[in-house]
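Structure record follows, encoded as structure tokens.
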Amino acid sequence: QRRIWVEYEDIPQYMEQALIAIEDKRFYEHKGVDWFRTAGAFVQMFARMETSYGGSTITQQLLKNLTGKDQITVSRKLTEIFGALELEKKYDKQEILEWYLNAVYFGEGCWGVGIASQTYFGKDVQDLSLAECAAIIGITNKPTYYDPFYNEENNKERQEVILREMYEQGYIDYDTWQQAVKEQLVFRRAPNQEYHQEIYSYYEEVVIRDVIRDLMKAKGINFDAAEKLLYSGGYQIYSCIDTRIQGIVDNLYSNPDKMPKGGRYEQQFQSAIVIMNPYDGRILALCGGVGEKEINFGLNRAVPVTSGGVNYGGATRSPGSSIKPLTVYSPALNAVAVTPATSFDDYPVMELNGNAWPKNSPPGYGGWTNIKTGVRKSINTIAVQTLQALGVENSYYFAKEKLGLNLVEQDMALSPLGMGGLTYGLTTIEMAGGYGAIANGGIYNEPIAFSLVLDKDMNVVLDAEKVQKS
């Protein structure tokens, strides 16, 4: 979203007064709910059978914007009322005004007065006149209808209504009112202020999605509400990135000439990478594709498609033989079904759809072979026999519950677990987590991209849950 956060002390007094005059004239008197307006709204609902309740204070409107709950129902209105009362117990009026003026939509893709002032008048919000402040506040009621680039007459009409309210409520004197009404509004964009979308890195996108997912869970809110909190809450997010390692990854992955190509036409191979600290799960570096990243939240080959109800835009791929240490050898050694010295005969061990189980080529079948050599050479028949000794059910539950692999019941068979031909495949981040457990002596740490989220008052909003299994 397009937003320039503006602190309360930098918001013009006229901007604050214009908002209060038109939206909530008893804002500084009530404690979150204007009971006079609320009573009138319920009279309309029950006596006149009207469904537009109205009566919302600035605090209630802020809640509606942050939660995304704007259904026209009695239960929603009651929830909004009690939520506003609770909000004003914890935060002062200035904080609420700051959040509101930075959170609401002002048309033209603008969220908050900071970017709105740049978009409509080509200047910082601190430099706006009374007339300009009223014009911008007027947009919030119906952003498209009162958008001056869409209809300047509608915006002027709304601006004059706000200015009259400011005069009648004593915020400005008669002469100031008339001067503001007569002021010629010049709507223009500042030179070089056209909006250019910032392209997030793959790592930044994972952090954003992870924080939204955890906010949804922690606060019991939907995706839209969590996203608004993230972008408008003034949060400080502490990621786990190691900028030195990430720099090395970016230098490699952003330059296709440094990455492998193949095939008849030297086609560019695609790739993803996750580098994590196996001892605590911190993701130190991550990249979801080869070449320059040109869009936000596109395909990220390092992460899942979805997680916790959040779309990550990821992808799963067949892990092939790289799954053997995770689904075959680790669970078998852990259960003492085999030891590194255990030997199996590398021969056509069974029939697979009428054919001998795939041999490694070259050199083909090699006779009696111990587990250590089977792992080193990734010998298919040794993996299959080890899996038979362990049992596919034991392998399945070990990989799923101990190593965090997202397997499905169809994968509970020799071919998927022994050869990696899974129903849906796995992600790079899952594989990193699984192999991290091997490096960490059998203790699995779930990969994490951020460790802590604080609000602007340094209160803890999220402390990343560290999932560890052994």
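The values are calculated or read from the model by the stated rules, or taken from the named source; none is laboratory data. Nothing here was measured: the structure is a model prediction, and the numbers come from that model. Please note: Cβ atoms are built from the backbone with ideal geometry, for glycine as well, and neighbour counts cover all protein chains shown. The protein model used for the area step is the full one, side chains on, heavy atoms only, and it has no ligands, DNA or RNA in it. Shrake-Rupley method; radii C 1.70, N 1.55, O 1.52, S 1.80 Å.
When only Cα pairs below 8 angstrom with a gap of at least 6 residues are kept, the chain shows a relative contact order of 13 percent.
So what is the accessible area of region 98-183 per residue, in Å², with the probe set to 1.4 Å? Mind dumping the intermediate values first?
Working: 3520 Å² over 86 residues.
Per residue, region 98-183 has 41 Å² of solvent-accessible surface.
Summarise the accessible area of the chain (1.4 Å probe, protein heavy atoms) by the percent that is carbon and sulfur. Could the numbers behind the result be given before it?
Numbers: 11780 of 23530 Å².
Result for the chain: 50 percent of the exposed heavy-atom area is carbon or sulfur.
The gain in end-to-end length when the residue 259 to residue 389 segment is fully stretched comes to 42.8 nm, 0.36 nm per residue minus the alpha carbon separation. One chain, two ends: residue 82 and residue 470. Fully extended at 0.36 nm per residue, the span grows by 135.2 nm beyond their Cα-Cα distance. Residues in region 90-100 carry Karplus couplings, in order, of 9, 10, 8, 4, 5, 4, 5, 5, 4, 5, 4 Hz; the curve used is 6.51 cos²θ - 1.76 cosθ + 1.60 with θ = phi - 60°, and Gly or Pro positions show x.
Treating r as the C-beta distance of residue 463 and residue 401 and R0 as 25 Å, the FRET efficiency rounds to 0.55. Residue separation of residue 200 and residue 217 scaled by 0.36 nm, minus their Cα-Cα distance, works out to 3.7 nm of gained length.
Within a straight-line Cα-Cα reach of under 15 Å, residue 456 can be paired with the following aspartates and glutamates, leaving aside sequence neighbours fewer than 8 residues apart in one chain: 7, 9, 92, 95, 98.
For region 266-311, the square roots of the Cα gyration tensor eigenvalues, ordered a ≥ b ≥ c, give a/c of at least 1.5 with a/b no greater than b/c, which places it in the oblate category. Taking the DSSP bridge list for the chain and keeping only pairs wholly inside it, about 95 percent are antiparallel.
Secondary-structure-derived ellipticity at 222 nm for the chain, considering helices only, amounts to -12500 deg cm²/dmol, per-run term -39500 (n - 2.57) for DSSP H runs with n ≥ 4.
Indicate the gyration tensor shape class of region 89-200 (rounded, prolate or oblate), computed on the Cα atoms with a ≥ b ≥ c the square roots of the eigenvalues: a/c under 1.5 is rounded; otherwise a/b larger than b/c is prolate and the rest oblate. Cα axes put region 89-200 in the oblate bin. Converting phi to 3J(HN,Hα) with the Karplus coefficients 6.51, -1.76 and 1.60 and the offset θ = phi - 60°, region 331-345 yields x, 5, 5, 5, 8, 6, 6, 9, 10, x, 8, 4, 10, 10, 7 Hz in sequence order, with x at every glycine or proline. In this Cβ point-charge picture (+1 for Lys and Arg, -1 for Asp and Glu), the chain has a dipole of about 1840 debye about its Cα centre. The residue among 313, 247, 279 whose Cα reaches farthest toward the positive pole of the charge dipole of region 194-337, with charges on the beta-carbon of Lys, Arg, Asp and Glu, is 279.
With the convex hull built on the Cα atoms of the chain, state its orientation-averaged projected area in nm².
Numbers: hull surface 120.2 nm².
Answer in nm², one decimal: 30.1.
Structure note, pairs 217/324; 372/400; 123/156; 228/469; 377/400; 142/182: Cα-Cα distances above 28 angstrom occur for 217/324; 228/469.
Suppose every Lys and Arg Cβ carries +1 and every Asp and Glu Cβ carries -1, with no other charges. What dipole size does region 185-307 come out with about its Cα centre, to the nearest 20 debye? List each step's numbers first, then the result.
Working: 14 positive and 15 negative charges, 30 e Å.
Rounded to the nearest 20 debye, it is 140 debye.
Place a +1 charge on the Cβ of each Lys and Arg in region 366-434 and a -1 charge on the Cβ of each Asp and Glu, then give the dipole magnitude about the Cα centre in debye, rounded to the nearest 20.
Details: 5 positive and 5 negative charges, 81 e Å.
Dipole size: approximately 380 debye.
With R₀ fixed at 22 Å, the C-beta to C-beta distance from residue 129 to residue 149 puts the FRET efficiency at about 0.70. Taking 13 Å as the straight-line reach from the Cα of residue 293, the aspartates and glutamates in range (excluding those fewer than 8 positions away in the same chain) are 198, 204, 205, 250.
Residues whose amide H comes within less than 5 Å of that of residue 2, counting only those at least five positions distant or on another chain, are 111 (H built at 1.01 Å from N in the peptide plane). Using a cutoff of 8 angstrom between alpha carbon atoms and counting only pairs six or more residues apart, the relative contact order for region 103-254 works out to 19 percent.
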